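The values are calculated or read from the model by the stated rules, or taken from the named source; none is laboratory data. Quick caveat, the model's predicted, so the values are computed rather than measured. Reconstructed Cβ throughout: ideal geometry from the backbone, glycine too, with neighbour counts over all protein chains shown. Just so you know, the surface numbers come from the protein's heavy atoms only, side chains and all, with ligands and any DNA or RNA stripped out. Shrake-Rupley method; radii C 1.70, N 1.55, O 1.52, S 1.80 Å.
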Amino acid sequence: MTALTVPPSPVPHLRTIEITPAHEALLQRFFEANPEYYLISNGEPAGPNEAHKEIHDDPPAEWGFTKKWLIAWLDEAGEMVAMANVVSDLLAPRVWHIGYFLVATPQYGTGLARTLYASLER
């Protein structure tokens, strides 16, 4: 079996990383700078522990899965412009679930979301 890694960025000026606990402040800053998802889904901005929960909360163990991946795309300054929560082998082998995909508000309408999402599907 080949070791899995985060997908390379399909956009030359962005780099892809796997979000780890060391990136918690970066992820929290991204959530706070781009509150639309939380405003629509929860009626309020992201709470102060959203990044911690996103990093540390896994799907229920009884669902069965291999790994929860948190993937981020960073710009040249190292700031996050998009992120995704992807779960591998969710409920069955080779079933991958994109559970959360968020692109920075200034990127709306640029085609970036479509490009990044398509790269995840590949």
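Considering only region 68-95, state which residues are part of a loop (DSSP other than H, G, I, E, B) and of a type in the set (A, V, I, L, M). Correct list: 77, 90, 91, 92, 95.
Between residues in region 85-108 that are farther than 13 Å from residue 36 by Cα and open to solvent by less than 40 Å² (accessible area, probe 1.4 Å) and residues that are part of a loop (DSSP other than H, G, I, E, B) and of a type in the set (S, T, N, Q), which pairs lie under 6 Å by C-beta distance while being six or more apart or on different chains? If the second residue must be part of a loop (DSSP other than H, G, I, E, B) and of a type in the set (S, T, N, Q), the pairs left are 88/66. Each residue in region 7-33 was checked for being closer than 17 Å to residue 113 by Cβ, open to solvent by less than 50 Å² (accessible area, probe 1.4 Å) and outside any loop (DSSP other than H, G, I, E, B), and 3 of them qualify. Of the residues that sit in region 109-120 and are more than 20 Å from residue 27 (Cβ to Cβ) and in contact (Cβ under 8 Å) with a residue 12 or more places away in the chain, which one is most open to solvent (accessible area, probe 1.4 Å)? Checked region 109-120; the qualifying residue most open to solvent (accessible area, probe 1.4 Å) is 115.
Taking the numbered list (1) of a type in the set (Gly, Ala, Ser); (2) in contact with a Pro (Cβ under 8 Å, 6 or more places away or on another chain); (3) closer than 25 Å to residue 122 by Cβ in turn, residue 92 passes all entries but (2). Return the total of residues in region 34-51 being of a type outside the set (Asp, Glu) and loosely packed, with under 14 Cβ neighbours inside 10 Å. Count: 7.
Screening residue 54 on (1) open to solvent by 50 Å² or more (accessible area, probe 1.4 Å); (2) in contact (Cβ under 8 Å) with a residue 40 or more places away in the chain; (3) of a type in the set (Asp, Glu) shows it passes everything except condition (1). Residues in region 58-84 that are farther than 13 Å from residue 19 by Cβ and of a type in the set (D, E, K, R) were compared, and the one that is least open to solvent (accessible area, probe 1.4 Å) is 75. The set of residues in region 78-122 being of a type in the set (Ser, Thr, Tyr) and under 20 Å from residue 41 (Cβ atoms) consists of 100, 105, 108, 117.
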